[in-house]
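Step one of this worksheet: look at the structure below.
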Amino acid sequence: MVKGGNMDKRIERTNTRLRLSLLDLIKEKRVQDITVLELCKVANINRTTFYKYYLDIEDYVNKLESTLLINLKQEITNIKRNYLITYIGYIVETIKKEKDIYQVLLSKNGDKLFLRKILYQVYNESIKEWERLLKKASKYDLDNIYKFIVDGSTGIIESWIESNCKDEPNTIALFINKLCMSGLSSFI
């Protein structure tokens, strides 16, 4: 029993070293340019250990991002109005709170699509809510509105991250919300 507990702690320490080492490497170069050998050397782990759990760097990054997405999805179940505009507020709060990981993963060297993946977590809920509220909009319109809001929000959030999250998350969320609401109002 104790041995199992020790093993879990060792795996946890290895995962932490891998994650921190990956984040350090992404600060220096693009994810696509990082090799398994390089990551393992920085993390001070054996490549065999890495390959026991992951196929390559892309697989590792995908699993890391999936874990973050699952955690976000679980957290947003507590949000009463679970759709894009509310979710954006939660996202910027989370990015600021866990800046060490999100700032690197969402940087120019990270996965450029990761923020879009995050914002698409509430697509179905948002469309359903908008169908109820925006009587003049077709399903096609709603889909395009969602894409437009995600792309605009992505640009604003990326700019905010590049500024080292200078503004408060609430300020960014309210700004995005104001832009979204002015655009959506023409469909009411």
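The values are calculated or read from the model by the stated rules, or taken from the named source; none is laboratory data. Owing to the predicted nature of the structure, the values given are computational and were not obtained by experimental measurement. Cβ atoms come from the backbone with ideal geometry, glycine included; neighbour counts cover every protein chain shown.
A few remarks follow.
- Counting the residues of the range 33-77 that are of a type outside the set (D, E, K, R) and within 26 Å of Val92 (Cα to Cα) gives 14.
- Inter-residue pairs, beta-carbon under 7 Å, first within 14 Å of Leu72 (Cα to Cα) and in the range 97-119, second part of a loop (DSSP other than H, G, I, E, B), 6+ apart: Phe114/Leu106; Leu115/Leu106
- Candidates Ser66, Ser21 - the one that is in a helix (DSSP H, G or I), modelled with pLDDT of 90 or more and crowded, with 16+ Cβ neighbours inside 10 Å: Ser21
- Residue within the range 110-119 that is within 13 Å of Gly183 (Cβ to Cβ) and modelled with pLDDT under 90 present: no
- Of the criteria (1) part of a helix (DSSP H, G or I); (2) within 18 Å of the chain's Cα centre (by Cα), which one Ile145 fails: (2)
- Screening Thr154 with (1) of a type outside the set (A, V, I, L, M, F, W, C); (2) loosely packed, with under 13 Cβ neighbours inside 10 Å; (3) in a helix (DSSP H, G or I) gives one miss only, at (2).
- Complete set of residues in the range 157-174 that are surrounded by fewer than 16 Cβ atoms within 10 Å (Cβ to Cβ) and in a helix (DSSP H, G or I): Glu158, Ser159, Glu162, Asn170, Thr171, Leu174
- Matching residues, the range 71-93, being at pLDDT 90 or above and β-branched (Val, Ile, Thr): Val92
- Just one of (1) part of a helix (DSSP H, G or I); (2) in contact with a Leu (Cβ under 9 Å, 6 or more places away or on another chain); (3) not charged (D, E, K, R) fails for Ile45. It is (1).
- Boolean, Leu84 is within 13 Å of the chain's Cα centre (by Cα) and either surrounded by fewer than 20 Cβ atoms within 10 Å (Cβ to Cβ) or in the same structural domain as Gly183 (by TED's automatic domain parsing) (or both): no
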